[in-house]
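Here is the structure we will look at, set down as structure tokens.
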Amino acid sequence: MTIHIPLGTITSDTGPSISRPKYVIDTRNSQDDIRDVLSCLRSSKKIIVLTGAGISTAANIPDFRSSSGLFNGRNDKKGKSKEYNAKDLFHVKCLSSHKSLASHHILINTLASLSESASPTPFHQYIESLSRNDQLLRCYTQNIDALELKAGLQMGISSTSKSKSNSRISKLQNRNVNTMSLDHLINPLLEKSVLKTTVEEQIVIQAVPLHGLITDLRCTFCHTKIPMSDHLPLPPYAIPCPTCKLHSDIRDALYERRRPSGLLRADVVLYGEEHPQGELIGQMIEKDLKSVDCLLVVGTTLSIPGIKRIVKEISKKLHYSSNRGKSKKNKNKVILINNEYPKGNWEGVFDYWISGDIQDITNNYLTNTVYLEELIIKNNENEKKLPITPKKERMRSIFPPTPESIDRITYKLDHKIEEQIDKQYETPMQNKRKRNRKEEKFECLIPSPISLKRKYKKKEVMVEINRDRENTPTPLSKPV
């Protein structure tokens with residue numbers, strides 16, 4: 001069951017209206033339910049925040065699937081292509097032809113300029129406050145605008161496992177500088193990336209970009225990253241990689257065989273391709289599943305299959321741990337803040353769905369100090385009003401005591417007093433002996449007739465030997 005808390009009016013930009021599922025129930029008292037949500041967020045210590053494009057619309061960065069978004073029909077505005085739909089320009093096939101590549105670069109230029117001039121929204125500042133208070137376990141964002149980095153969060157993907165790229169970097173680190181290797185001389189950008197990875201491993205990563213960042217360009221062959229600001233605006237043709245070009249020029253000067261070179265593209269995951277660091281993200285999510293205690297999903301319609309799987313796995317883990325716990329504090333740990341409810345089957349996933357403008361909810365409730373102080377006072381008053389359940393008294397026997405029962409009670413009391421006195425005056429050697437006695441295992445074996453015969457035979461033989469010794473004198477013995 002999911003409780004719906006409507007806060008504010010829903011605008012027409014949210015897209016087509018969707019029929020609400022049966023398991024979504026309207027709240028009876030919105031103020032009490034919003035207090036439960038806020039108390040849950042205040043008491044949680046390991047919060048995972050999963051964000052979408054809805055948190056960046058207040059910074060004049062368009063979303064994708066609303067009525068005014070990039071994916072809704074053809075866009076005839078300035079800086080956008082009239083021939084191709086924006087959804088087609090976010091597919092990996094657009095990199096193969098010259099016409100689609102030119103329009104793809106135009107779209108990337110507009111998004112890069114918007115994200116560069118944008119400033120963090122109040123909800124971005126709220127995520128940073130969670131990390132400042134040591135409440136944020138991780139922020140997984142689907143956005144490519146890097147506003148979390150501007151808000152003060154450390155962004156990136158931790159390289160914990162040994163992938164192909166990491167093994168190549170470790171080989172470069174372990175090589176001897178004195179050896180005349182060609183990669184050492186002509187790959188300065190790769191050495192910078194090696195230094196970056198070593199520094200990133202020491203810094204705790206707080207925000208993970210699930211779909212890449214628009215601030216960088218990546219080579220399709222050597223995977224070196226270059227800041228996009230050096231190449232803006234992007235030309236309508238493919239950009240050759242400077243590292244690969246330098247590599248090929250030096251090989252030509254040394255009369256060595258040429259190697260293939262790559263092209264620069266935006267470091268963004270497009271439709272129709274796999275994430276180049278998907279294994280590392282999966283390992284981070286598995287690690288966070290062990291310690292998460294609250295999930296906050298904000299500004300996303302959850303239409304991508306990989307994001308659906310992440311949300312359902314975290315919700316399953318939280319609800320399993322809350323069912324095992326006896327206290328009510330472990331419940332209501334999965335919260336959705338979005339204008340519309342996601343499509344598909346989400347029964348038993350979300351505990352609360354708050355609909356309304358994300359920035360208004362952040363300013364009026366999440367970061368409103370006056371409202372939070374009132375919430376703390378009311379919670380303290382409710383705790384004082386709670387009735388204390390009296391302890392149950394033990395049932396006493398109706399029958400009068402007999403002499404035997406009195407003797408048993410006195411014997412037990414005397415035995416306990418003796419044990420306490422013995423413990424007070426025990427020496428360390430006595431303690432060791434008691435432990436050894438407890439550890440010893442005594443075995444009681446029933447003697448068999450064969451074992452008895454052996455014992456009697458041994459005794460008879462010993463008696464005969466002793467008689468012979470008495471009768472026969474030894475050589476040293478003197479005659480009397």
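The values are calculated or read from the model by the stated rules, or taken from the named source; none is laboratory data. The structure presented is a predicted model; accordingly, all values stated were derived computationally and were not measured. Quick reminder, even Gly has a Cβ in these numbers, built from the backbone with ideal geometry, and neighbours come from all protein chains shown.
Does Arg168 satisfy the condition of being at pLDDT below 90, of a type outside the set (Val, Ile, Thr) and loosely packed, with under 14 Cβ neighbours inside 10 Å? First the steps, then the outcome.
On the way: at pLDDT below 90: yes; of a type outside the set (Val, Ile, Thr): yes; loosely packed, with under 14 Cβ neighbours inside 10 Å: no.
Judged against the criteria, Arg168 is not a match.
For Glu286, the criteria (1) surrounded by 15 or more Cβ atoms within 10 Å (Cβ to Cβ); (2) over 26 Å from Ser103 (Cβ atoms); (3) modelled with pLDDT of 90 or more hold in every case but one, which is (1).
Scan the stretch 294-307 and tell me whether some residue there is at positive phi and more than 19 Å from the chain's Cα centre (by Cα). If you could, list the steps in order and put the result at the bottom.
Filtering the stretch 294-307 down to residues at positive phi leaves 299, 302.
Next, only the ones that are more than 19 Å from the chain's Cα centre (by Cα) stay: 299.
Yes, the stretch 294-307 contains at least one residue that is at positive phi and more than 19 Å from the chain's Cα centre (by Cα).
Residue pairs whose Cβ atoms lie under 8 Å apart, sitting 6 or more positions apart in sequence or on different chains, and linking a residue in the stretch 322-348 that is in the same structural domain as Lys312 (by TED's automatic domain parsing) and under 19 Å from Val311 (Cβ atoms) to a partner that is among the basic types (Lys, Arg) and at pLDDT below 90, are Ser322/Lys331; Ser322/Lys333; Tyr341/Arg20.
I'm checking my understanding of the structure. Among residues of the stretch 349-374 that are of a type in the set (A, V, I, L, M) and more than 25 Å from Val311 (Cβ to Cβ), which one is farthest from the chain's Cα centre (by Cα)? Working first, answer last.
Taking the stretch 349-374 first, the residues of a type in the set (A, V, I, L, M) are 349, 354, 358, 361, 366, 370, 372.
With more than 25 Å from Val311 (Cβ to Cβ) added as a condition, the list becomes 370, 372.
On the way: Val370: 32, Leu372: 27 Å.
Looking at the filtered set, the residue picked out is Val370.
Residues in the stretch 78-94 that are buried (at least 16 other Cβ atoms within 10 Å of the Cβ) and more than 33 Å from the chain's Cα centre (by Cα) were compared, and the one that is modelled with the highest pLDDT is Cys94.
Which residues, counting only those in the stretch 218-246, are hydrophobic (A, V, I, L, M, F, W, C), free of Cβ contacts under 8 Å to residues at least 40 places away in the same chain and surrounded by fewer than 17 Cβ atoms within 10 Å (Cβ to Cβ)?
Taking the stretch 218-246 and keeping what is hydrophobic (A, V, I, L, M, F, W, C), we get 219, 221-222, 226, 228, 232, 234, 238-239, 241, 244, 246.
Checking which are free of Cβ contacts under 8 Å to residues at least 40 places away in the same chain leaves us with 226, 239, 241, 244.
Within the stretch 218-246, Ile239 is the sole residue that qualifies.
Lys45 meets all of the listed conditions (1) modelled with pLDDT of 90 or more; (2) surrounded by fewer than 16 Cβ atoms within 10 Å (Cβ to Cβ); (3) touching a Pro at 6+ places or on another chain (Cβ under 9 Å) but one, namely (3).
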